[in-house]
Ligand SMILES: [Zn+2]
């Protein structure tokens, strides 16, 4: 037996999908759990037949009427890490060229801090004994997303924050944020990547006393916890804004078991509602964070 979360969610959220992706087989067992997550179970053979037919291109396996958006910055020598993590991402060439046996062979070795680039914060980053990266449920990493836009106030004030009132205003305009949603905060900071001075507000190595970038308040974090969101993401270096010394939003979310995504890219590509996000971190056992590849299935924009 196999658990498949995404297909029923796509059917509900994206709409307009072809039958291969919207129909849960008749013999599937579907239930909705306490957190509002939908689960369907069916046999491996059925999955193989209907979902992984050979020869499909990536654009054919995403739901009809949607586009695939990469929300991930590349990992390279320019990748931004916290100012105190001065070593950053390293890719070291190990083998590169023709072997004695005559064939070409290439391999590298990489190293990096957990927290930098587009990455996941596991709850244990700020909550002792809370789940590490490998223990974050997949249901928190693959879910429908909403995008709350605070770019207007961030343009005027680099220390701007998502506040509880922004969440309430969003819900008045767009409907309530349902349990199991991934909430993404769009500040407009993604286009500053990888310019350290513009992204962090300060490019002095090792210094964290003059950082300026947007984040979310503790009250906003608690409001999202009360809505039982799956995860929270932002297009800045931290869920707490640059001047924070207490990391209160981190602590509120971590304590509630809510993972966060930081340095999320291309949030301007997503609609307010209707995208489904898949954010899969490297499964570092016991890790407090990990690099994550985040993609979204987003409804294709209607041509005017
Ligand atoms: Zn982090």
Selection within the range 258-295 - assigned to a loop (DSSP other than H, G, I, E, B) and within 16 Å of the ligand (Cβ to nearest atom): 258, 259, 263, 264, 265, 282, 284, 286, 287, 288
Some residue of the range 84-101 being in contact (Cβ under 8 Å) with a residue 60 or more places away in the chain, in a loop (DSSP other than H, G, I, E, B), more than 12 Å from the ligand (Cβ to nearest atom) and outside the structural domain of residue 244 (by TED's automatic domain parsing): yes
Filtered residue count, the range 233-252, keeping only those that are in a helix (DSSP H, G or I) and either free of Cβ contacts under 8 Å to residues at least 40 places away in the same chain or under 12 Å from residue 120 (Cβ atoms) (or both): 3
Residues being within 24 Å of residue 281 (Cα to Cα) and in contact with a helix residue (DSSP H, G or I) (Cβ under 6 Å, 6 or more places away or on another chain) - total across the range 194-206: 1
Options 221, 231, 252; residue that is out of contact with any strand residue (DSSP E or B) (no Cβ under 8 Å at 6 or more places or on another chain) and within 25 Å of residue 130 (Cβ to Cβ): 252
Residue list for the range 73-83, filter: touching a strand residue (DSSP E or B) at 6+ places or on another chain (Cβ under 7 Å) and within 14 Å of the ligand (Cβ to nearest atom): 79, 80, 81, 82
Yes/no for residue 249 being under 20 Å from residue 218 (Cα atoms), surrounded by 16 or more Cβ atoms within 10 Å (Cβ to Cβ) and at pLDDT 95 or above: yes
Identity of the residue in the range 180-206, in a helix (DSSP H, G or I) and surrounded by 17 or more Cβ atoms within 10 Å (Cβ to Cβ), that ends up nearest to the chain's Cα centre (by Cα): 190
Residue 209 vs. criteria out of contact with any helix residue (DSSP H, G or I) (no Cβ under 8 Å at 6 or more places or on another chain) and surrounded by fewer than 21 Cβ atoms within 10 Å (Cβ to Cβ): yes
Any hit, the range 117-124, residues being within 22 Å of the chain's Cα centre (by Cα), away from the ligand (no atom under 16 Å from the Cβ), closer than 26 Å to residue 204 by Cβ and not in a strand (DSSP E or B): no
Residue check for residue 241: within 15 Å of the ligand (Cβ to nearest atom) and over 19 Å from residue 133 (Cα atoms): yes
Only one of 167, 148, 177 that is in a helix (DSSP H, G or I) and under 21 Å from residue 268 (Cα atoms): 167
Residue match in the range 112-122 (condition: within 26 Å of residue 295 (Cα to Cα) and free of Cβ contacts under 8 Å to residues at least 40 places away in the same chain): yes
Top-ranked residue of the range 135-145 - restricted to ones that are away from the ligand (no atom under 16 Å from the Cβ) and outside any strand (DSSP E or B), ranked as surrounded by the most Cβ atoms within 10 Å (Cβ to Cβ): 139
Complete set of residues in the range 80-92 that are surrounded by 19 or more Cβ atoms within 10 Å (Cβ to Cβ) and over 15 Å from residue 108 (Cβ atoms): 80, 81, 83
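The values are calculated or read from the model by the stated rules, or taken from the named source; none is laboratory data. Just so it is clear, the structure is predicted and the values come from calculations on it, not from any experiment. All Cβ positions, even for glycine, are placed from backbone atoms using ideal geometry, and neighbour counts span all protein chains on display.
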